[in-house]
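Accompanying notes for the structure given below.
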Amino acid sequence: MSSPALHRLFDARAYDPAPVDSWWEASAPPLAFDTPPLDGAATADVAIVGAGYTGLSAALELVDRHGMDVDVLDAARPGWGASGRNGGFCCFGGTKYDAAGLISAFGRDGARDVMRAKVEAIDMVGERIAEFGLDVEKHGDGEVLFVHREKFVAGAREEAALLRDELGVDAQYWDNARCSEAGLPGDLWHGGLFVPHGFGLHPLKYLRGLAQAAHARGVRIHGGSEVISVREGADGVAVSTRTGEVKARAVLFATNGYLAENLPAWFAGRYMPALSNILVTRPLSQAERAAHGWSGDAICADTRALLHYFRMLPDGRFMFGGRGGTSIDPASVDAMQRRLRHAFERMFPAWADVETTHFWNGFVCLSANRTAFVGRVPNSERCFASLAYWGGGVAMGSWMGTRAGEMIAASLPRNGPARAAAPVPQAFTRATPRFPFAAFRRAGLRLAYALFSARDEWL
Ligand SMILES: Cc1cc2nc3c(=O)[nH]c(=O)nc-3n(C[C@H](O)[C@H](O)[C@H](O)COP(=O)(O)OP(=O)(O)OC[C@H]3O[C@@H](n4cnc5c(N)ncnc54)[C@H](O)[C@@H]3O)c2cc1C
């Protein structure tokens, strides 16, 4: 259970380190090494809080390319957070803007930089998988965003044109016939926006592959090690758990939606954990798949404000996810499961009898400026953070974690070979603003969900 020293936005049960009953947990081989709690006093160049994609990617960067000594501390275990329970869409993430919004927020050049980073992030995950020889059930080539109402077709065409002409992404609008050609249902939506970047993977196998690679390179990964305080002094930081303390030269907060309100205190009111939910069915037979004309392996979502994301898994199970739910108490979680199942059956009527075998949820992280952050925590010398990927952290968490590692290495006297840091778009290094009326963030999210869901249903 979460320490009383930490103030978090949701009930303690959301932070219970018990294993999550997900299909990924049921289908991934266990970690091949132990992750014992931190015990007593330790020293390191860098301490990393959180063993998800962000923390492990930063650790790999620091140890591999900068020769640093790294301790990773996780309150539960590697991949217990969103990195072990997400939809496995390695896709665009890190902002909540369409192409026009991105250009208006960051200017044309700034928006192009952001898109370049998004593409680079997806490619980087592909390269990592190949480099480490990971068996992560990688599949598909590109993502389709299905248009759920005919009146949004024009918008999808415009979005494809803006992405292509202004932002350097070769997007296309696919009509229903083209969707069918790709082995996707041609009759359930009004075509879709296709972007030729992104693929599906088994998120926990990818996470454990990163953890294994980090462990093999000498990174010390501690489970059961909730960090309850970080004290910054002139010569370093003291990062404390209930059973030990790491004295390090810098610390990275890689805690995304599981961040505590008071650690680091600067982030209070500047981030918002939001629940995302997933159901997985039993494997569908060939006849069942054919009933909706589904033979393709693309990753898919729809254009609803409260979007659904879905894909056929390589073994024929269907994965269906959606944002929603603002409480973690069992009655609310049950209600969310029923809503998600209802949405699945409504979207895929021919599969109404295909049972759900697994349902679970977890936190993504939102921010008031609709943009992820990586860099030094403002007002601090030695604390860094990388978070708020807006539900798209498979690629962006991996990429930003790597960038965070580079930034930390650049801030410390080098004890490894120098390596040029990759440029990070300015959009991602601006200090995250506070939410207006931050104390009421959960109530605000409830209201937003009610409005989005009415808009998706009726407008
Ligand atoms: C249901 C769901 C579906 C999603 N689907 C997708 C998808 O398909 N594609 C996509 O790109 N993204 C998706 N996401 C988002 C993505 O999973 C996250 O953006 C990404 O995993 C964040 O990685 P991370 O390493 O930053 O944080 P996390 O993986 O959340 O890890 C944070 C870790 O920090 C630890 N921690 C927190 N506080 C402390 C502390 N004080 N001391 C020690 N440890 C601490 C936690 O135990 C946790 O393990 C989804 C998320 C969810 C929940």
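Every number here is computed from the coordinates shown, using simple stated rules; none is lab data. In this text the structure is predicted, and so the values were computed from the model without any measurement. Neighbour counts are summed over all protein chains in view; Cβ atoms, including those assigned to glycine, are modelled from backbone coordinates with ideal geometry.
Restricting to segment 207-236, name every residue that is touching a residue at least 12 places away in the same chain (Cβ under 8 Å), of a type in the set (A, V, I, L, M, F, W, C) and either over 25 Å from PHE373 (Cα atoms) or within 14 Å of the ligand (Cβ to nearest atom) (or both).
LEU207, LEU210, ALA211, ALA213, ALA214, ILE221, VAL227, ILE228, VAL230
Got at least one residue in segment 104-115 being within 16 Å of the ligand (Cβ to nearest atom) and touching a residue at least 24 places away in the same chain (Cβ under 8 Å)?
yes
Looking at (1) without any contact (Cβ under 8 Å) to a residue 60 or more places away in the chain; (2) in contact with a Gly (Cβ under 6 Å, 6 or more places away or on another chain); (3) crowded, with 20+ Cβ neighbours inside 10 Å, which is the one condition that is false for THR429?
The one condition THR429 does not meet is (3).
Say whether the condition of being within 14 Å of the ligand (Cβ to nearest atom), surrounded by fewer than 20 Cβ atoms within 10 Å (Cβ to Cβ) and among the acidic types (Asp, Glu) is met by at least one residue in segment 243-255.
Yes, there is a match, as at least one residue in segment 243-255 is within 14 Å of the ligand (Cβ to nearest atom), surrounded by fewer than 20 Cβ atoms within 10 Å (Cβ to Cβ) and among the acidic types (Asp, Glu).
When segment 82-110 is examined, which residues are found to be among the polar types (S, T, N, Q), crowded, with 18+ Cβ neighbours inside 10 Å and part of a helix (DSSP H, G or I)?
Going residue by residue through segment 82-110, those that are among the polar types (S, T, N, Q) are 83, 86, 95, 104.
Now drop any that are not crowded, with 18+ Cβ neighbours inside 10 Å, which leaves 83, 86, 95.
The answer is SER83, and nothing else.
If I filter segment 258-282 down to residues being under 18 Å from the mean Cα position of the chain (by Cα) and of a type in the set (Gly, Ala, Ser), which single residue comes out as nearest to the ligand (Cβ to nearest atom)?
SER276
Look through ALA28, ALA32, ALA44, ALA75 and report the one residue that is under 16 Å from GLU245 (Cβ atoms) and more than 14 Å from the ligand (Cβ to nearest atom).
On inspection, the qualifying residue turns out to be ALA44.
Among residues belonging to segment 296-346 that are farther than 19 Å from VAL136 by Cβ and of a type in the set (Val, Ile, Thr), point out the one that is farthest from the ligand (Cβ to nearest atom).
Result: THR303.
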